[in-house]
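Below is one structure; the comments refer to it alone.
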Amino acid sequence: MPSLSTLSPEALTELRSGLRGEYEALKAQGLKLDMTRGKPASDQLDLAAEMLALPGNRDTTAEDGTDARNYGNLQGLPETRALFAPVLGAPPEQMVIANNSSLALMHDVLVYALLKGVPGGAGPWSKQEPITILCPVPGYDRHFTLCEGFGIRMIPIPMTGEGPDMEAVEREAADPSVKGIWCVPQYSNPSGETYSEETVRRLASLKAAAPDFRILWDNAYAVHHLTEARPSLPNTLEACAEAGNPDRPIVFASTSKVTLAGAGLAMLAASPANVKWYLAQAGRRSIGPDKLNQLRHVRFLRDAAGIAAHMERHRALIAPKFAAVEEAFAARLDGWDVAHWSRPLGGYFITLDVTDGTASRVVQLAGEAGIALTPAGATHPYGKDPHDRTLRIAPTFPGLDAVRKAAEAVALCTLLAAVEALGQRANA
């Protein structure tokens, strides 16, 4: 198959006409498919159905004698912290178990930092404005929304395949107004890469960073494997402690894509000083989390082996969907030199990089054909992708047949948008 750029004007016109015909036929199908968010499908949620009967009306006492029906235990039950300690790579005493949203924990950490400052800092971040957080791109739009909502300036940092470009991080972090960096270190959202040992070491060892610089370590996909491969992610808490910066990382995770997305557990892990700081602030807004749900998770998942077995059941359901996207993209786009896409070993997303300047058009074409995609630019701060190139594909929520149809349609729209752009340039 020839590269698109090598086609003669006549061949390009013929190809465009054929693609338009296919596209009109696609629109006539009346599809209504949603590939916008990385949500678990109903059959994934069904995997945790027996949780709904747990812990049972006579099973409300925790190991330490706590009545889980009552107030208290702001840090979370000891057995729940012990269950998830290996996932977060932290001792149970350096963990907090909260209610269902890790995003809420991230929100609160930012708010507390803005209003009160953090350990080792020179006071509230809000008194030091303007302040900045580094944002690896492509990245997670919810992180960007949090910063934008609080007026925190964002600096995009390119991803490299092993994590953020550390030369750029080291250069930008030398500015004392830079207070942190967002990280999705395992199966990054949406690029799928896992941070290398060197990346983690350099983040831990940043010498010029402000004393109150924080690594906001959103390890959302720590156990979400798609293959037998298990990339090894270095422990950021240990790396930072060894580098003499124990207060630098704050680790977040949740069971939103493990058990029940709307009724899971959120977790935070950090240094003793950071945990004490967080609990002091959080104690003003809550007398304690839902401890019955914590017991429910302990009874259902039991231990590390139980978590691993449960996630294998998830893998059996979603890995074929990722394979279907790969097959559809390869069948339609290989050889044309108009797009590249990730082949993740885990996580919830595929990154599709289309021809520069056409991502918005691909989304438009797909939308008019009944396939909803995350908006172009969502992978960058302020919703602005300077190359109009990167799209995030979320295959988990629709059924397998729907995923296959949607991927084939997106591939068609990608090729059509590239052909249109090339024709426009030729006529300019």
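Where both bridge residues fall in the chain, DSSP classifies roughly 50% of the beta bridges as antiparallel.
Rounded to the nearest 20, the Cβ-based charge dipole of the chain about its Cα centre (Lys and Arg +1, Asp and Glu -1) stands at 1000 debye. Measuring between their Cα centroids, the range 251-311 and the range 352-428 lie 36 Å from each other. Accessible surface ranking for Lys127, Lys27, 1.4 angstrom probe, highest first: Lys127, Lys27. Leu134 sits with roughly 0 Å² accessible to a 1.4 Å probe, with DNA, RNA and ligands left out of the calculation. Sorted into 20 angstrom bins from 0, the C-alpha pair distances of the chain split as 25, 52, 21, 2 percent.
The alpha-carbon of Lys207 sits under 23 angstrom from the alpha-carbons of these lysines, leaving out residues fewer than 8 places away in its chain: Lys179.
Adding -39500 (n - 2.57) for every DSSP H run of four residues or longer, then dividing by how many residues the chain holds, sets the calculated 222 nm ellipticity at -13000 deg cm²/dmol. Element breakdown for the range 144-228 at a 1.4 angstrom probe: carbon and sulfur atoms account for 49% of the accessible area. For the chain, the solvent-accessible area with a 1.4 angstrom probe is 42 square angstrom per residue. Going by a ≥ b ≥ c, the root eigenvalues of the Cα gyration tensor, does the range 300-363 fall in the rounded group (a/c under 1.5), the prolate group (a/b larger than b/c) or the oblate group? In terms of gyration-tensor shape, prolate.
For the chain, modelled as a GNM with alpha-carbon contacts under 10 angstrom, which of Trp277, Trp336, Trp182 fluctuates the most? Among Trp277, Trp336, Trp182, the largest GNM mean-square fluctuation belongs to Trp336. Summing Cβ point charges (Lys, Arg +1; Asp, Glu -1) relative to the Cα centre of the range 72-162 gives a dipole of roughly 200 debye. At most 12 other Cβ atoms within 10 Å plus a DSSP loop assignment makes a site exposed; report the longest stretch of the chain without any exposed GluC sites (Glu not before Pro). Free of exposed loop sites, the longest segment is 229-428.
Compared with the dominant principal axis of the Cα atoms in the chain, helix 78-88 is inclined by about 40°.
In the context of the full protein assembly, Asp218 retains an accessible surface of approximately 10 Å², using a probe radius of 1.4 Å and ignoring ligands and nucleic acids. Annotation: Val338 carries an accessible surface of approximately 10 Å², with a 1.4 Å probe and no ligand, DNA or RNA atoms counted. Ordered by 1.4 Å accessible area with all protein chains kept, His297, His107 run largest first as His107, His297.
Surface listing: Ile287, Ile152 arranged by accessible area from highest to lowest gives Ile287, Ile152, probe 1.4 Å. The mean sequence distance of close C-alpha pairs (under 8 Å, at least 6 residues apart), as a share of the length of the range 80-179, puts its relative contact order at 20 percent.
Rounded to the nearest 10 degrees, the inclination of helix 102-116 to the longest alpha-carbon principal axis of the chain is 60 degrees.
The values are calculated or read from the model by the stated rules, or taken from the named source; none is laboratory data. What you see is a predicted model; the values in this text were computed from it and never measured. Note that each Cβ is placed from the backbone with ideal geometry, even for glycine, and that neighbours are counted across all protein chains shown. Each accessible area value is taken on the protein alone, full model and side chains, heavy atoms only, with ligands, DNA and RNA left out. Shrake-Rupley method; radii C 1.70, N 1.55, O 1.52, S 1.80 Å.
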